[in-house]
1. For the residue pair A:Phe440 and B:Val103, what label-to-label distance in nm results when each label sits 7 Å from Cα along the Cα-to-beta-carbon direction?
2. Along the charge dipole of the protein assembly as shown, Cβ charges K/R +1 and D/E -1, which of A:Phe410, A:Ile109, B:Ala121 sits furthest on the positive end?
3. Counting alpha carbon pairs within less than 8 Å and at least 6 residues apart, what relative contact order, in whole percent, applies to chain A?
4. How big is the dipole moment of region B:51-109 about its Cα centre under a simple scheme where the beta carbon of each Lys and Arg is +1, that of each Asp and Glu is -1, and everything else is neutral? Debye, nearest 20, please.
5. Quick one, what does Rg over Rh come out to for region B:189-286 if you take C-alpha atoms and the Kirkwood Rh?
6. Return, ordered by residue number, the residues of region A:173-187 whose backbone nitrogen is under 11 Å from a label point located 7 Å along Cα→Cβ of A:Glu125.
7. So for region A:118-193, taking the charge dipole from beta-carbon charges (+1 Lys/Arg, -1 Asp/Glu), which of A:Leu183, A:Gln129, A:His168 sits furthest toward the positive end?
8. Please list 3J(HN,Hα) in residue order for region A:135-141, calculated via the Karplus relation 6.51 cos²θ - 1.76 cosθ + 1.60 where θ = phi - 60°; whole Hz, with x for glycine and proline.
Amino acid sequence: MTDLYQTQRAMRALRRAAIQRGVVAILDVGTSKIACLVLRFDGYESQADSEGVGPMAGQSTFRVIGAATTRSRGVRFGEIAVMNETERAIRTAVQAAQKMANVRVDHVIACFSGAEPRSYGLAGEWELQDSVVTEQDVARVLAACDVPPLGDGREVLHAQPVNFALDHRTGLGDPRGQMGNRLACDMHLLSVDQSVIQNLLYCINRCDLELAGIASSAYVAGIASLVEDEQELGAACIDMGGGSTGISIFMKKHMIYADAVRMGGDHVTSDISKGLQVPMAVAERIKTKHGGVHATGMDDRDMIEMGGDSGDWEKDRRQVSRTELIGIMRPRVEEILEEVRSRLDAAGFDTLPSQQIVLTGGTSQIPGLDGLASRILGSRVRMGRPLRVQGLPQAASGAAFSSAVGLCLFAAHPQDEWWDFDIPTERYPARSLKRALRWFKDNW
Amino acid sequence: MQSLGRHAPFRRDPAPSRWAYRMQRLWLTPLFRVLFRVGLPAFVLAMVVGLVLMDQGRRDAISGGIAHITEQFQSRPEFRVNVMAIEGASPDLADALRARLDVKLPASSFDLDLDALRAKAQQFDAIASAELRLRSGGVLQVVVKEREPMLIWRVSDDRLEMLDASGHRVAALASRADRPDLPLIAGEGADVAAAEALALIDAAGPLLPRMRGLVRQSERRWDMVLDRDQRILLPAENPVQALEALLALNTADDLLTRDITVIDLRLGARPVLRLAPHALVEARRARGLAEPKPTESDL
């Protein structure tokens, strides 16, 4: 765990350096598109309104000065499958965004949707030595959390303290300075496949960029598309992407659960392609132009030209009614939503006080999806669009960009993660100067 | 079998090549841009100039060419000065000035340093101010204002100098007889108080025919010396009023024609007369007093 701590701390340092330089790039590596936004930071804002243990990572106001999207290549299920292709796609997006921003970007904060995220709830306890909670006590209680066996080749992506409890009082945001005897903490830990992170890191390094932060796209989509009271009272964000559908559950402004279904809009497209015997590009066009999930009588008469250039007149002049198209799309969408439903049930979503569900992501733009989703997921479903951020072009403000926008917010206002807190003194290497200094601080 | 219709056009990869990407990033680096836009041209310019000037012969050719062109331009007839005209100076002074300025004519007007020439001209005591200007037609005009001698100052027994109204030296004088029209002053520091001397001479009026000169005493006050060795000791302050008072006395009592050697006006409230020895004896006898012993000194 310690090298994870070190790498994440190194990324934090890079992020701080990037914010000091004022420019950082946001890279959303998705299955269907790669979005790159260039942010300019204006400087640190007042930290008065922030909650939690405190903005250890630093906060800032920002403005989007460059935005570019490109068709993703070599990414499947939100994971990098073909490195070269993905690297080229990243290069295309970064170059276009740099050109628009007219600055050179060196630091990148990236997110991805795949890599089989798994959530763990951790709990730790610590007996206070002198009845006042200090930063060292917070560090010790975090260190006291038992880390479950993550499995081979898994890595921690997020580890956020969600709740602190002091004796019998729970729900504390910031326990420092409070009196008590026993400090307890709940932590949410998200683990992902190590190889996916390594591949992404490799691709980004190949583009002469440095990774200054990494996040799960389900998490950042939730940040962007859930409004404040939804985050506070409890809500789930379903980020329906191209290759995978991310689920994140928020409660008290913290993510408490995240998961991903390895199905998305690309599967709908491939169903259409297979069902209608058309190329993927045509299927994608038909899906976005005429797609839907509720067939009406009108749709029987709505004939869609499929086109084609096989040279065979009969084949190139085929037509399909919209009802048929919906008949192909609907089962797949239902399957995705049902899978989401089962994941939410497994997470215990139905025990939350508020069961708001927000659909976002590119696939959520299928007409009529909210009706279908409310039948499967529950009555409180709404369509989510990302928060408005300054300088974001109109073209990048749709639901498909919620994880990119969320990543901007994540870059500017990161939540305190486990590695933002101090290391307990006894975990320092034995001959460290820091340890000696810490000993002096604690004992004098 | 290939389709006869539209071929799928060959799609160029939209991704930039690695090198294109790197070049674009390099070009977006501010330092690199500045270096490329300013540094590189400056370097090339410096390089070319350096290479051209590396050869001694080329350097000489360039500097020689510049000098040649300058000289050619300066020696054009439009800039030639042929004549020096001196105005406002007596012929003697004009000759002396000509010799002193020592301008080789004809010369180019670029070679004439008028300020230096003016400074040289003003070194003459006889010249109050000099103006030099180049007139059209190649004439160097020197307008001179001479100092007017107002006083003769006997510096020592064998040295006479003429002073102007401000006390500045004008010229030496061989003998007093050369300028009998000018009043004479003597004594150390007399030139400094020349203005006061002139005021006294103005005020002397009826005494002028009898006046031999003014003597500065202790660089402080004036003695007026008349013929018959009569001396009027004037105070250091307000000597003109004292003299005017004396003149009024003189017109009333005819004082100065009497046998008096010294009239001491140094104390305004108590003028003192000193009689000649003979007159003193006569005066005492007239009052029926004993004849005093003749004394060598006044004290």
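The numbers here are math on the coordinates, done by the rules we state, and not lab data. No experiment lies behind these values; they were computed from the predicted model shown. Here Cβ is always computed from backbone atoms with ideal geometry, including for glycine, and neighbour counts include all displayed protein chains.
1. 8.4
2. Of the options given, the answer is A:Ile109.
3. On the way: 969 pairs, mean separation 81.4, N = 444.
Averaging sequence separation for qualifying contacts and normalising by length gives 18 percent for chain A.
4. Values: 7 positive and 8 negative charges, 36 e Å.
Its charge dipole is roughly 180 debye.
5. Values: Rg = 13.6 Å, Rh = 13.9 Å.
Using only Cα positions, Rg/Rh for region B:189-286 is 0.98.
6. A:182-185
7. A:His168
8. Calculated HN-Hα couplings, in order: 5, 5, 5, 4, 4, 6, 6 Hz.
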